[in-house]
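Accompanying notes for the structure given below.
What follows is calculated from the coordinates using simple rules that are stated; it is not laboratory data. Because the structure is predicted, anything quoted here is derived from the model rather than measured. Note: ideal-geometry Cβ built from the backbone for every residue, glycine included; neighbour counts use all protein chains shown.
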Amino acid sequence: MMLSKNEQGLFIETLYREMFTQLNIYAQNVLRDRSLGEEAVQDTFRIACIKIDELMASSNPKGWLMNTLKNVISNMKRSRARMLRMLFVAAEMNEASFGSVNDDIDPEIMYGGVISSEDFALLKKIVLERYSILEAAEELGISVEACKKRLQRIKEKFKKNFE
Amino acid sequence: MRGVQAMSELDDIKRKNTEQLDQMSTDDLEELLKAKSQSSENTDMEDVFSILEVIEKREKTNPSGKYTGVDAAWDSFQKNYRPSSKEAKSIYDFAEDTKDNTSYPSDVKKLEDINLFRRDRRPLRRKALLRMACVIASVVIVLFSSTIVARAFGFDLWGAVAKWTSDTFGFESKDTTDEGTVTGPPVIKYVDLAEALYDYNIAAELVPSWIPNAFSLADLKILETPKKIVFDAVYNNDNKSITIHITDISEGTNGSYEKDEQYTTIYEKNDIIHYIMTNNEQIVAIWMNENYECMISGNLSEHELKKMIDSIYER
């Protein structure tokens, strides 16, 4: 039987209130970071909303959520590691001319015009200072979705120019 | 009748496990959680939820302030994360990153055999409960033995002393423990050593950013034992090779390394002493940084080796 949007919303909220704390304790300890752990759980419930039919059909929603959280954590680590590598690969390609990655060199020069100072600052916050996307978005005064799109565009620029 | 008796035994085991978890400190439970998160077995999820329930119960009665409350989190979810459509994606789905690893559970069916939130209330399998009892018992023994001090406060680096004889070199600590057994091969393939360390949340400066020309990464292995994590990267250039070996020694050192009889010198960089020696026509550098014992060895000149060491601290 197909549930209405309101019923689906109620299902998500009930599950959220029941499971958030446990999932958050898990994520925070595995990631060793409060804001990243919380973001991993929020993303897990975001996926739960997107895959609501699959979740509701599961005979084990709690296990479904935990498994999703594990995958989110894994993707989170992988994405951040790749962004870090991206910074260093690009820096190494310019190393002969501009030295190492640091704040003394204008990133617009160091990355050959590929990345603006604002984009570099965002990437640095996410990758080196371990900001969550929400924390970075709040500093920039934009939404989480907009921040994600901005990161996506930066990654595409890097990929096009340095890979 | 035997079924009823078995059920009763299982309930008894479960109750004892919960009692044992209840007796552990929250810090120790969190350490156990971290250890459990490394396991790839789905059945370990039962154990994980048992630990989480105990911590959650304590947070409800005596909040530590470490974890965000559910009301504030729900508000943030509604405001910042709730997708506007079913076409939305995970926040960390950057397309190419998740091509080979979807954010969604791919093996949910396997989880249905686990007695967590399920609608049918079949009893937990006896084997799983017994296994959990063994795990908890062994962890309790480890945590309450003398090594708990090292675990809680980190390896005593000040107590670690470089010790060499005519043909061996190593760091020695007061607490030498058995390293345990290797739990299995790494799950994730990394393309460079820095990425692997980052993935393991290792922020210390350990990896050279400079490697002599023409050497390229040939192999990268990560071995995890209950007591340590070892990163081993091998770079090749024709018949020549360089090995970088990094070990998390929070719970004890690697032991000793073989070396030639005569040559041991000290190279200080970034306030860290690097011991340089030779072994079988290869030059070797060994040092400690934070909780990590590091080694570079290979067909290198002393100048190249020092340049590699310098590059570790240049970023």
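Using θ = phi - 60° in the Karplus curve 6.51 cos²θ - 1.76 cosθ + 1.60, the 3J(HN,Hα) couplings for region B:295-307 round to 9, 10, 9, x, 8, 10, 7, 5, 4, 5, 4, 5, 5 Hz; x is entered for Gly and Pro.
Just list whichever of A:Lys70/B:Lys57; A:Lys124/A:Lys157; A:Lys157/B:Lys89; A:Lys157/B:Lys307 have alpha carbons separated by over 25 Å in the model shown. Distance filter (> 25 Å) returns A:Lys157/B:Lys307. If you plug the beta carbon distance of B:Asp232 and A:Asn6 into 1/(1 + (r/R0)^6) with R0 = 51 Å, you get a FRET efficiency near 0.40.
Suppose R0 equals 22 Å. What FRET efficiency, 1/(1 + (r/R0)^6) with r the Cβ-Cβ distance, do B:Lys307 and A:Arg153 give to the nearest 0.05? About 0.05, to the nearest 0.05.
Per-residue shielding of A:51-64, expressed as the average number of other chain Cβ atoms within 10 Å of the residue Cβ, stands at 6.
Shielding of peptide A:33-45 by partners, expressed as the average count of other chain Cβ atoms within 10 Å per residue Cβ, is 4.
Within 10 Å of each Cβ in A:15-22, how many Cβ atoms from other chains are there, averaged over the peptide?
The mean count of partner-chain Cβ atoms within 10 Å per residue comes to 5.
Ordering A:Leu31, A:Thr21, A:Ile52 by Cα displacement along the dipole of region A:1-89 toward the positive end leaves A:Leu31 in first place; charges were set at the Cβ atoms of Lys, Arg (+1) and Asp, Glu (-1).
Listed by Cβ neighbour count within 10 Å, with the fewest neighbours leading, A:Val127, B:Val191 appear as B:Val191, A:Val127. Going from the residue with the fewest nearby Cβ atoms within 10 Å to the one with the most, B:Thr18, B:Thr278 rank B:Thr18, B:Thr278.
Please work out the FRET efficiency for the pair B:Lys34 and B:Asn291, using the Cβ-Cβ distance as r and a Förster radius of 22 Å; give the result to the nearest 0.05. Calculated value: 0.90. Here the residues A:Ser59, B:Ser85, ranked from fewest to most Cβ neighbours within 10 Å of their Cβ, fall in the order B:Ser85, A:Ser59. Packing-based ranking of A:62-73, B:206-217, A:32-43, B:279-290 yields A:62-73, A:32-43, B:279-290, B:206-217, ordered from highest to lowest mean Cβ neighbour count within 10 Å.
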